[in-house]
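Reviewing the structure listed below.
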Amino acid sequence: MRILIALTGWLVASLPCFAADAAAGRWEGSAQIPDFPVTVVVDLDHDAAGGWIGSIIIPELKVKGAQLSDISVRDADVEFATKGVLADPQTGPAKFHAHLDATDAMAGDFTQAGNSTTFSLKRTGAAQVDLPVRSTAVAAEFAGKWIGDYELMGYSRHVTLTLANHEASAASAEFVIVGKKVNNLPVDLITQDGAFLRIESHEIGINFEGRLGKDGAEITGSYEQGPFELPLVLHRETEK
């Protein structure tokens, strides 16, 4: 009986033990997309309140310091999703499901737009999380209603963007796209830097980026949705 108890204790002690912060750190490796391997760098850490925060870099897909969401760490199992990039209107954000092992490695599945592949990462050091960018206020030249049109996959879409400052330090936006149906996009990031404006809808994976013309009557830019990047010019709506 003593031998059995001792043996059981040895087996338990020999199992990998993952502390609550075992996933914290910088993880570097690759995802095995067919004929197009990509570099993946993931940073995971705790915020001041003890919750998880993270960011991801995938240079080949032009993802640099994008925020992670839905981070879950349960023993050796780690899950997270991208926020604001690689999202698909039908399937939502890209998701990662991984398993940690005792050699400071993380491997699992990467799912995006209904497609799935494998990825593997190795811990290379302390986390270097890119903290989220906060919305800014917009100058008076940007405030008001803007309208424009673009075409995607043979269908015309009408865009209405209404900007206003609801606080001294941040702006709000109503971003509506009308095609086969009316889509009022949830906007969670508005940034203005001089003549440049960027609007991001992380939940839907749709962004608009443009430059205000010298006459203040139009914003010339591009509409981004998944792999599509289309020219879009918004004109200030004049009062009738």
Counting only protein heavy atoms and a 1.4 Å probe, tell me what percentage of the chain's accessible area is made up of carbon and sulfur. 54
Per residue, how much accessible area does the chain have with a 1.4 Å probe, in Å²? 58
Provide the net charge surrounding Asp130, with neighbours chosen by a C-beta distance below 10 Å and charges set as Lys +1, Arg +1, Asp -1, Glu -1. 0
Between 0 and 90°, nearest 10: helix 2-14 axis offset from the chain longest Cα axis: 30
Positive-pole candidate from Ser72, Ile206, Ala48, dipole of the chain, charges at beta carbon: Ser72
Pull up the cross-link candidates among the aspartates and glutamates for Lys181, meaning alpha carbon to alpha carbon under 16 Å and not fewer than 8 places away within one chain. Asp149, Glu151
Whole-angstrom gap from the stretch 50-106 to the stretch 126-205, using each part's C-alpha centre: 24
Using only the Cα atoms of the stretch 140-240, what do you get for the radius of gyration and for Dmax, in Å? 12.9, 41
Which is farthest toward the positive dipole end of the chain among Ala113, Thr136, Tyr223, measuring Cα position about the Cα centre, with Cβ charges +1 (Lys, Arg) and -1 (Asp, Glu)? Ala113
Quick one: compute the contact order of the stretch 97-240, relative version, from alpha carbon pairs under 8 angstrom and 6+ residues apart, as a percent. 16
How high is the relative contact order of the chain, in percent, with contacts defined as C-alpha pairs under 8 Å that are six or more residues apart? 14
Using θ = phi - 60° and the Karplus relation 6.51 cos²θ - 1.76 cosθ + 1.60, list the HN-Hα couplings for the stretch 24-37 in order, rounded to whole Hz, with x at every Gly or Pro. 5, x, 9, 10, 10, x, 8, 10, 8, 6, x, 6, 7, x
Rolling a 1.4 angstrom probe over the protein chains, ignoring ligands and nucleic acids, what is the accessible area of Arg211 in square angstrom, nearest 10? 130
Just tell me which lysines come within less than 26 Å, Cα to Cα, of Lys64; anything on the same chain fewer than 8 places away is out. Lys83, Lys95, Lys122
Working from the pairwise distances between different alpha carbons, so that the mean of 1/r is found and then inverted, what is the stretch 88-184's Kirkwood radius in Å? 17.9
Starting from 0.36 nm per residue, how many nanometres of slack lie between Lys145 and Asn184 once their C-alpha separation is accounted for? 12.6 nm
So what is the relative contact order of the stretch 157-240, in percent, for Cα pairs below 8 Å that sit 6 or more residues apart? 15
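The values are calculated or read from the model by the stated rules, or taken from the named source; none is laboratory data. Since the structure is predicted, the reported quantities are computational estimates derived from the model, not experimental observations. Backbone-built Cβ (ideal geometry, glycine too); neighbour counts: all protein chains shown. We work out accessible area using only protein heavy atoms, side chains counted, and drop any ligands, DNA or RNA first. Shrake-Rupley method; radii C 1.70, N 1.55, O 1.52, S 1.80 Å.
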